[in-house]
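Reviewing the structure listed below.
What follows draws every value from the coordinates through simple rules; no lab data is involved. As the structure is a computational prediction, the values presented were derived from the model and not from experiment. Every residue, glycine as well, gets a Cβ built from its backbone with ideal geometry; the counts of neighbours run over all protein chains shown.
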Amino acid sequence: MEVLKEKVEEEEAAEREDAAERAERGEKMMRLMEVRKEETTMTQEMLRDLERKLSEIEVSIPEKPSTFTKDTIDISKLPLSYKSNTPKEEHLLQVADNFSRQYSLLCPDRVPLFLHPLNECEVPKFVSTTIRPTLMPYPELYNWDTCAQFVSDFLAMLPLPDPLKPPSYLYSSTTVLKHQKGNCFDFSTLLCSMLIGAGYDAYCVNGYGSQDLCHMDLTREVCPLTVKPKETVQEEEKAPPKKYAIKPPRDLSSRFEQEQEMKRQEEIKAAEEKRWRQEEERLMEVDSAKTDPLHGLRVHSWVLVLSGKREVPESFFIDPFTARSYSTQDDNFLGIESLWNHKNYWINMQDCWNCCKDLIFDLGDPVMWEYLLLGTDKPLLSPAEEEDNGANDDDDVENLGKEDEDKSFDMPNSWVEQIEISPEVFETRCPNGKKVIQYKKAKLEKWAPYLNNNGLVCRLTTYEDLECTKTLEIKEWYQNREDMLELKHINKTTGLNIDYFKPGHPQALRVHSYTSMQPEMDRVMEFYEKARVDGLIKREETPKTMTEYYQGRPDFLSYRHINFGPRVKKLVLNSAESNPRPVVERFFRNPAKPADEDVAERVFLILDERIQLRYHCREDHITASKREFLRRTEVDSKGNKIIMTPDMCISFEVEPMEHTKKLLYQYEAMMKLKNEEKLSRHQAWESELEVLEILKLREEEEEAHVLTTSIYDTKRNEKSKEYREAMERVMHEEHLRQVEAQLDYLAPFLAQLPPGEKLTRWQAVRLKDECLSDFKQRLINKANLIQARFEKETQELQKQQQWYQENQVTLTPEDEDLYLSYCSQAMFRIRILEQRLNRHKELAPLKYLALEEKLYKDPRLVELLKVFV
Amino acid sequence: MHQLCDMEPRVMDDDMLKLAVGEQGPRDEAGQLAKQEGILFKDVLSLQLDFQNILRIDNLWQFENLRKLQLDNNTIEKIEGLEKLTRLVWLDLSFNNIETIEGLDTLVNLEDLSLFNNRIAKIDSLDALVKLQVLSLGNNRIGNLMKIIYLRRFKDLRTLSLAGNPIAAAEDYRMFICAYLPDLVYLDFRRIDDHTKELAEVKHQYSTDELKHQENLMQARLEDEQARREELEEHKAAFVENLNGSFLFDSMYAEDVEGSKLASLPGVAELMETYKDKFVIICLNIFEYGLKQQEKRKAELDTFNERVQEAVQENQAQGRHRTAEFEEKHLLSLSTIRGESELTDIETKIADQREDIAELSNALMTLEMQLVEQLEETINMFERNIVDLVELFIENVQSLMAQCRDLENHHHEKLLEIAINILEKIVKGELDEDLPDDVRALFVDKDTIVNAVGASHDMHLLKIDNREDELVTRVNSWCTHLVDKIHKDEMTRNRRRVKEINQYGDHVQGELDSLECGDILD
């Protein structure tokens, strides 16, 4: 009896509820009634209460459309799922509405839930179904950071129509991608779809953000590109004194003095620090002066990535506008209302008084996170609690929502089409291929590759002041340049330009820093020494000197320094010989030679007629051998030319050796040095020429700025495109020819003849005649066939017409419709047949003639038929 | 063959060599200088003495650095007098009357040897020429093709000429050589093509394979030998060689006549067996302990060397830095002094520079003295440690040896007992077995047998003592040598450095002085 009563009550309750809902939602509920009846466990009082409360609540549907106006969206091309709801989706909306009502009843002080905004076709869609998990076909989009960067680059940001409310429209990613703009909800929906597709445990979050976050305002952020990577100072660990380590000599300096010195240093440091801190405080004041009156009320949407999947060690937020990741403790995120993925919807039941810092992202815990649908993959934390809930369900929100629905009910599939991004659009990235971001004291501009004809893809301008008026330095990144220029760094204060090149410059240039492109000015050129035959690493130039550094040469040359003194104009006309200037060369140790014979440094003092040599130091010595040659060519008292005298060579040898004392040895060494001096000077002269050449080349390159295209870039590489098209054309023609060639008119007739024998003339003639007559017959047959069909159709029509006229009075409207439609169809058929017949009559003789001609030209018959023609 | 009969044979005397050196020496200005100074024979790198009608090679011992020597077209009959020319790379003795290859054993660097057109009948005595690349033996009297196998040992040999010999007439000549000398590239001035090589290989495969197998066996045996020798060397370094077995025990009985006689007594065999086992175990203990100790000593020495090396390196780096700094300054001031015209200025500057030099040499000396002090301390520490180690080693070995002696004493007692028992039995006439006559001769009376057993025992003890003494002396001498060497090395290092510093100071001073003189002269 008790049970029965309950049952009745349940039914009544259900009916009442339905009635209440009908008032709002219309008759669509009818179908769901049966499902609901079984499970409602509300008491009547409760229901009445609910009814009353619900009637008070108005579901406010903001009329204001989203910022990109509706008329720009072409909804006609969108598929059906965009324009209507499936029964399952309807059911879901019911569930959501019910849930929302109960929620607002139980938490009257919370804002209404963001559950089913309208889509571009004015159809309400549940937010979770708007997420369409898609794995993008680009490897660049496999990781969250690049993915977020893409979304932030690809879409232009629109502010929310009302900064304090979630939008009333949430468009599909299809539309958003097409128009390349959207608000924060569009951003996070798209990003979330891509991240879930890539395997992350990602969620869209509806919450509250700081003003900077909501307006994508980075002017108070330091640009990540300007932040220099912190140099990791690795403190060299002092090894503990090992056995037999020698004791350091006794330190005889005064400890007191050291202490005094230290104190003084500390004082200076403290003063500096104080000043610095004051400065900092002043800046802080300036910053904090602009506090936001709407702080904590601004609605924002971002993406939460939970740890666990894809080896994410810790949960974090991604702001889809800026693509930056934040820790869940960040100050910019002021609170969370709800979050959802493609499977479920959770409401935050935790207090956000301390921003998001105390939130626990354990979605399985129903105390902290109230879920909309049961049976998702998040397990309940404590089953005991659920039992508890079941006992006193009167004041429990969650159970109402949960137990209303079928246990096995899960989120319907997304109504959104798969996200598609074409390669061209992917490459263009930003809307119109350009994007500008303003940072604190910096401006970042990005372009799509090939958009600028000089290959510029990115420019970072750093300013001295917060108002961005005084430029400090400019960094420009380039791509696909033929001269391999990668980065241009212009320092406006010093006027120093530094160009960085990728490997592959014709002169193997790596870095070129200069103040002006004029020759004989301060400049440093660095090279990829592996790409150069002479192993040059670096060449430094000042107006008066040139220094070159080498590596990996067979002659072990490491350094050459040339002092030009006042430069002579018109270098090209000057040969190396006539311009004496001191040259210093240094060498690496050549392990094949003993240290005493291995020159470490040689100085050609050409004006002094002096050559200085310094040898390498021996392994266990602290001094190195030296030798100095004086090249005086004098004549002795008898008028004979002095070839070599002992005072022409001053040498210091670490270990005096006999053979080096000989004049002959010294003479030979000097002769060799003279030759090498000439060579060195020549090389110096060549270096100068090379500098001029490089400068000329650079100027040309700057003017021409030719861009290269990869051979794999089929769209841009004109040559390969042409080639490919030509190939395709050829293939097509070839195919057509083949099809034609396969049709052999003679085959059936040849088959009648004995195989392998050569045709006689008589046979050939007969063959031709037979073939032609056969073809003629076929043409006639075809004509007859068409004729027959035509006649049959006409007869049929006449018959029908007759029948109609006879029974016209008694016919029902349906029959009449049927007759009329038949008539029109029959007439159409007759007309077509007529046309075909006429066409056949026109074409038949032509076809016959064509075949005849072809037969005359057939290689098998041509020899035999020629005689008759 | 090629003889200049009309000319009298000449002797290689000093004049001839001087003439040749002078003629082949430097030309032009350098030649004038050379003449002025004279050329030392040991500086000559290449010498040409062809068509001199030389009969006998002589007087070449001074040419230590000679690389290339041409003695072709003479009447030389015997290769001699080339022993000192160890740097020789290129030797031409073609067109002479040489009959046997000899006197080339010291020319280890020789790469190119020409003995073309001589009277050589046999290829041998070339073992020392491991770097040989080109060998010319054409127009000789070599008749045995099988002797070519001798040339297989020269791994670098690429060019060979044998044309004009009796063997070259053999029909298989080319094939045979190609097969047996597969690394050869040129034969008789013609390149061996790959096709010929393949053919030859196939043709002689059977015999070459056998040869190769033999060579491999030989190689393996040599390697084995080498390994064994190295192992022994290692054991010797640990002073415990031949203790990893019954070698000592066997040596105890090797010269012991009585012992071997007594061994044939009944019951002694078993006794011997157990004795030997125990003895060998102790020997093995000593051996292992010795190796362990050796490792320890080595590790100690290595750490010591490493630290000393580090210290010296650091000190050198400081010294170098000091000198480099000074050098820069010195050069600068020298050039300013040169440019200066005022005499008083020059003098003050020179005085300043002098001070700088003194300061530098003081600084360098201080550094050196500091290092000496530091090293001395370290060396003493090391000395103490190593001596301790050695003493410990000796002590332990001695205790182990004492165990050996105990064993020997025990054995001796047992043996004596058995011997007396047998004697008693013999006296009583109860002995069942027959003893050999020489053994029976020992059992004449008690004294004889006791003496015999005692003699054997003494002999054994002596051997053990000897071994112990040897070990102890050797390890002690090693230790003293090591310590001496370290001290000596340090001393030489110190002296060299001091000399270097002084030398450098003198040189710099000299530079300054010469400048002064020049200025005063000006």
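The table below gives the values:
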item	result
Sparsely packed GluC sites (Glu not before Pro) within region A:100-187, loop by DSSP, other Cβ within 10 Å at most 14	A:122
Relative contact order, percent, chain B [alpha-carbon distance under 8 Å, six or more residues apart]	8 percent
Residue A:787-residue A:425 FRET efficiency (beta carbon distance; Förster radius 45 Å; 0.05 resolution)	0.20
Estimated inter-spin distance, residue B:389 and residue A:661, nm [label 7 Å along Cα→Cβ]	4.6 nm
Neighbouring partner chain Cβ atoms per residue of B:36-44, average, 10 Å criterion	3
Rg over Rh, two decimals, region B:245-378 (C-alpha only, Kirkwood Rh)	1.60
Straight-distance crosslink candidates among aspartates and glutamates, where the alpha carbon sits under 13 Å from residue B:446 and sequence neighbours closer than 8 are dropped	B:417, B:424
Karplus-derived HN-Hα couplings along region B:262-269 (A = 6.51, B = -1.76, C = 1.60, θ = phi - 60°), whole Hz, x at Gly and Pro	5, 4, 7, 5, x, x, 6, 4
Largest-first principal axis extents, alpha carbons of region A:261-344, Å	68, 38, 18
Shape of region B:138-182, Cα gyration tensor, a/c cut at 1.5	prolate
Length gained when the stretch residue A:277-residue A:165 is fully extended (0.36 nm per residue, less Cα-Cα span)	36.3 nm
Between region B:74-95 and region A:243-273, the alpha-carbon center distance in angstrom	73 Å
Within 10 Å of each Cβ in B:25-34, the average number of Cβ atoms from other chains	4
Cα pair distances exceeding 39 angstrom across chain B, given as percent	65 percent
Compactness of region A:756-869 as Cα Rg over 2.2 N^0.38 Å, two decimals	1.80
Residue-span extension gain [residue B:446 to residue B:292] - 0.36 nm each, minus C-alpha spacing	50.7 nm
The protein assembly as shown, dipole about Cα centre (Lys/Arg Cβ +1, Asp/Glu Cβ -1), debye to the nearest 20	7060 debye
Inter-centroid distance (Cα atoms) of region B:380-435 relative to region A:795-869, Å	131 Å
In Å, descending, principal axis extents of the Cα set of region A:430-532	44, 31, 21
Environment charge at residue B:293 (Cβ cut-off 12 Å; Lys +1, Arg +1, Asp -1, Glu -1)	-2
Alpha-carbon gyration tensor eigenvalues x 5, square-rooted, for the protein assembly as shown, Å	92, 57, 53
Which of B:510, B:96, B:332, positive extreme of dipole for chain B (C-beta unit charges)	B:96
Hits among aspartates and glutamates - C-alpha to C-alpha of residue A:247 under 13 Å, sequence gap 8 or more where chains match	B:310, B:314, B:373, B:376, B:377
Size-normalised alpha-carbon gyration radius of region A:79-205, reference 2.2 N^0.38 Å	1.12
Percentage of interatomic Cα-Cα distances in region B:10-160 larger than 24 Å	33 percent
Alpha-carbon Rg/Rh ratio, for region B:345-437, with Rh computed the Kirkwood way	1.79
Overall Cα dimensions of region A:691-822, principal axis frame, Å, largest first	106, 68, 17
Radius 12 Å from Cβ of residue A:827, net charge of other residues (Lys, Arg +1; Asp, Glu -1)	-1
Efficiency of FRET from Cβ geometry, residue A:251 and residue A:555, R₀ 35 Å, rounded to 0.05	0.15
Peptide ranges B:183-189, A:588-594 listed from the most packed, as the mean C-beta count within 10 angstrom indicates	B:183-189, A:588-594
Angle in degrees between helix B:28-37 and the longest Cα principal axis of chain B, rounded to the nearest 10	60 degrees
Whole-number D in µm² s⁻¹ for region B:149-206, Kirkwood Cα-pair radius fed into Stokes-Einstein, 10 °C, 1.306 mPa s	138 µm²/s
Semi-axes of the equivalent ellipsoid for region B:16-79, Cα gyration tensor, largest first, Å	24, 12, 9
Highest average packing first - A:759-768, A:104-113, A:162-171, A:188-197, Cβ atoms within 10 Å	A:188-197, A:162-171, A:759-768, A:104-113
Bridge type composition, chain B - antiparallel percent by DSSP, nearest 5	10 percent
Cβ-Cβ FRET estimate between residue B:84 and residue B:46, R0 fixed at 25 Å, reported to 0.05	0.95
Peptide A:243-255, shielding by other chains (average Cβ, 10 Å cutoff)	5
Measure of compaction for region B:397-482 (Cα Rg per 2.2 N^0.38 Å)	1.56
Largest-first ellipsoid semi-axes for region A:454-494, taking √(5λ) over the Cα gyration tensor eigenvalues, angstrom	24, 10, 5
Projected label distance in nm at residue B:462 and residue A:221, using a 7 Å step from Cα toward the beta-carbon	9.9 nm
Most to least packed among A:543-553, B:296-306 [average Cβ atoms within 10 Å]	A:543-553, B:296-306
Those GluC sites (Glu not before Pro) in region B:151-257 that DSSP places in a loop and that have at most 15 other beta carbons within 10 Å	B:171, B:255
Kirkwood Rh (inverse of mean 1/r, distinct Cα pairs), region A:495-542, angstrom	11.0 Å
